[in-house]
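**Student:** Following this message is one structure expressed as structure tokens.
The values are calculated or read from the model by the stated rules, or taken from the named source; none is laboratory data. Note that the coordinates shown come from a computational prediction; the quantities given were computed from them, not determined experimentally. Heads up, the Cβs are rebuilt from the backbone with ideal geometry, glycines too, and the neighbour counts pull from every protein chain shown.
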């Protein structure tokens, strides 16, 4: 008993938490209680005998129709109304016919029920009929009920009319309570969901870029990510919720279109569809973030040194990209138009800068060891050109000394304090660092000349090693180019937003904001 | 009227098509009709008067409980049963109490209804209570109904018992018909869905790789893809359906766990969860295919010539990867264990080969024009080493003449028949081809020496151009490295499959298959 008490306590606490985190749920539950009470009261007052007899329909209707959001309530009520009416009409016609058949009446009714059951169920399974599923159920139920109970009491019309009246009563009470007291709108939920997704993707993007630059690595990739289940990894949950919200959005959309204009959405035919479209465009961007995250999850990783070279640019692209997403999310939330078309300017600039940097330093993204062509000059320089090359590089440094990354590369080499005098080309070879093990490094240094002379007598193990290096360097290239592709996809997102803001007549941005 | 007739004809045709494509739907509709007929018959036979009076409950139960799959039927029936029973018990207790209150009886009942409505609805909104949503509704309905109608007739117990008996009758007929005649299993659907997803991803993968190598480009990316809506692009729909099936799988899973052992799934507690997990792992792979598709969708495209260099290797990885997926899909379909652990051998080999090729030719993946380091030697060679370099390359050719790709590169240069004698380094510059416009090419050739001399007086437009080139070359790198990452993720997929095949006790592969 004590355990039971404990459990009850736990549940109460959890319930309290739930109520605090989403007070709408408490309100909704109270509304439900109120509606039921009202219907019961009406029945207790009992104006005629019939009301009491068919009371169950009113209660049933309230219980069934009372959905969380207004849109869902309306759409279910509509389904129920149409289903009941059409079934009532059909059943009455059928009943008339059945009385004409005389002796065969029962057979006629049974066959009629079978045929109706078959047809209605078959139609219900039509893919396009999905939203009316409930209507078909009600149709079947009403039809059978009127046929059966009408046959018994011979009061087809009374049965149908009474039933309909009480359903109308239940629906009226349900709708009235739900609509008039603290209504909960599916459209608002949809709106908030879309805005929330923007924030989630922005967070994920920033997290991915920062994580990548800080060389976050998963000791073991959580199996939840591997099987695409929910997990509380913040990077992952941000974009996952955006990607996963499709079905939720579709459900909310199907309810929202039923809702009358309300609150900030004062407009006939409010373009809820455009919200879903915008969210789809966001998802298209989120897939790139997902691919970026894939680079972090991957086994093959670029060396921290190489990442560091592009660190400033990547950071900037990441934070600018997140800024754009956040700004769009806020605009969606506040229903404001874009203040100007330059929202993408900064992020495009950042991306261009990154691209230029890549352009200048793409040698860091590949591993030249096995080049069939590019190898040659290095060989030549090794033989006769090292000093010249070195000098050349120094000259370069003096003209380009503002570039902090060159210095970075230098300092890395110094910090490693190799006793081998590394030629300028170490840029190519520093992928060895990606391996991390000093033995591998040493081995590499030793076997170096061997490879110079002939490719044929390589140790296969060695080749594998450098293949890995090459892959690891390429992974950086992949990350950057995915990042740039992400920026490219932002344009599409902004277009979708502008379409929405036009259609939904978002308000113009406040003047102060433009000045800022 | 004629139009109506036409429409009816169209619908009949569509219905016929639907019936032919999925005969289960026809069978199900017929079953539904049968069940309704049976219940009506039972009521017509009318053994006692009470049966007729509460007939509606039996019909209602059949209509509501009769779901498409056995699992859904069972889970709904269970919900309904438990909801009715507990509500009945509570209502009876409540009724006893209410008679004790004497004059305040009505108030007591009303308050009771309000409290119950509140509590049950609040519990229903608990996230963990989602599967029991229907049970709570039934609970509420039954409770209110018994209270109200019991108050009127003073027959609380009779009402409750009758209601329960008729619900049991309805449930019995519904379950009997649904289970005994051509049962439709949710588990089977889940099983087929997972197997189908494998095929879809395999098709997409092959399509992506082939499309990429054939340089398929979208004139205008369909806006449906940009907003992630369903589209009939075969590449896209393959992985999209795999990615989108999450909610469908979850629904099927929640039904499948209710189903008794049946057919090939003869086992208590059949591990349906592992199917969903396997599907999650497949989704993890599908995201890579999605990213590959993203490379095709991207504006920035690598030149066909460069792609061609890696064509054989990529093709092989693609087709081997698809083969693995298909094989796994078939194994899932036939419930067979893997014949050996070498299923990944070929695709790994293919990926390694691709990786080695990249390693040897990664100069094709970058654009050396702006290199701060690598540029230098080229400049030197231009001044004094062209002939030597050229000779060197020829020598290289003679030792490596087996490599078809070198020949490829040559033939491209020949076919373009430039009148400028291109040095060996054209490998680097062929990215210019990616632009496609001859003007751009020409401009480049002209401005070439200018850049050699000084970086400072570059035309910015020019720089942008080459930045674009560099990006276009990197896009190939991205594609290949995503492809390799895809192969890496296959391991995880195979692991998930093996876990499933262990847990679900798949049959050992037939001996002949192993010999093959």
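**Student:** Report yes if residue B:100 is more than 27 Å from residue A:174 (Cα to Cα) and out of contact with any helix residue (DSSP H, G or I) (no Cβ under 8 Å at 6 or more places or on another chain), otherwise no.
**Tutor:** Yes.
**Student:** Here is a follow-up. Please name all residue pairs, on different chains or six or more residues apart, with Cβ atoms under 7 Å, provided the first residue is in the stretch A:478-491 and is within 7 Å of chain B (Cβ to nearest Cβ) and the second residue is outside any helix (DSSP H, G or I).
**Tutor:** Going by the 7 Å Cβ cut-off, the qualifying pairs are A:485/B:298; A:488/B:298; A:488/B:299.
**Student:** For the stretch B:34-58, which positions are part of a helix (DSSP H, G or I), at the interface with chain A (Cβ under 8 Å from one of its Cβ atoms) and either modelled with pLDDT under 75 or farther than 16 Å from residue B:73 by Cβ (or both)?
**Tutor:** Within the stretch B:34-58, B:37, B:40, B:41, B:43, B:44, B:52, B:55, B:56 qualify.
**Student:** Would you be able to tell me the number of residues in the stretch B:245-278 that are surrounded by fewer than 19 Cβ atoms within 10 Å (Cβ to Cβ) and facing chain A (nearest Cβ under 9 Å)?
**Tutor:** The total comes to 2.
**Student:** Still on this structure, please answer the following. Would you check if residue A:14 is touching a residue at least 24 places away in the same chain (Cβ under 8 Å) and either assigned to a helix (DSSP H, G or I) or touching a strand residue (DSSP E or B) at 6+ places or on another chain (Cβ under 8 Å) (or both)?
**Tutor:** No: the conditions fail for residue A:14.
**Student:** Looking only at the stretch A:104-130, which residues are more than 30 Å from residue A:65 (Cα to Cα), more than 9 Å from chain B (Cβ to nearest Cβ) and in contact with a helix residue (DSSP H, G or I) (Cβ under 9 Å, 6 or more places away or on another chain)?
**Tutor:** The answer is A:104, A:105, A:108.
**Student:** Across the stretch A:202-239, which residue is farthest from residue B:492 (Cα to Cα) among those that are part of a helix (DSSP H, G or I), within 13 Å of another protein chain (Cβ to nearest Cβ) and touching a helix residue (DSSP H, G or I) at 6+ places or on another chain (Cβ under 8 Å)?
**Tutor:** A:239
**Student:** Taking residue B:87 as the residue in question, decide whether it is loosely packed, with under 15 Cβ neighbours inside 10 Å and closer than 26 Å to residue A:138 by Cβ.
**Tutor:** Answer is no for this residue.
**Student:** What do you reckon, is residue B:287 crowded, with 18+ Cβ neighbours inside 10 Å and within 12 Å of the chain's Cα centre (by Cα)?
**Tutor:** Judged against the criteria, residue B:287 is a match.
**Student:** Quick one: is residue B:72 more than 35 Å from the chain's Cα centre (by Cα), crowded, with 22+ Cβ neighbours inside 10 Å and either under 23 Å from residue A:136 (Cα atoms) or more than 8 Å from chain A (Cβ to nearest Cβ) (or both)?
**Tutor:** no
**Student:** Kindly indicate the residue of the stretch B:131-147 that is modelled with pLDDT of 80 or more and within 36 Å of the chain's Cα centre (by Cα) and also nearest to the other protein chains (Cβ to nearest Cβ) among those meeting that condition.
**Tutor:** Going through the qualifying residues, I end up with B:137.
**Student:** Continuing with this model, one more query. Only one of A:187, A:170 is touching a residue at least 40 places away in the same chain (Cβ under 8 Å), touching a helix residue (DSSP H, G or I) at 6+ places or on another chain (Cβ under 8 Å), within 12 Å of chain B (Cβ to nearest Cβ) and surrounded by 23 or more Cβ atoms within 10 Å (Cβ to Cβ); which?
**Tutor:** A:170
**Student:** On to the next question. Taking the conditions exactly as written (at pLDDT 85 or above and under 15 Å from the mean Cα position of the chain (by Cα)), does residue A:229 satisfy them or not?
**Tutor:** no
**Student:** Residues in the stretch B:82-103: is at least one in a helix (DSSP H, G or I), more than 19 Å from residue A:36 (Cβ to Cβ) and at the interface with another protein chain (Cβ under 8 Å from one of its Cβ atoms)?
**Tutor:** No, because not a single residue in the stretch B:82-103 is in a helix (DSSP H, G or I), more than 19 Å from residue A:36 (Cβ to Cβ) and at the interface with another protein chain (Cβ under 8 Å from one of its Cβ atoms).
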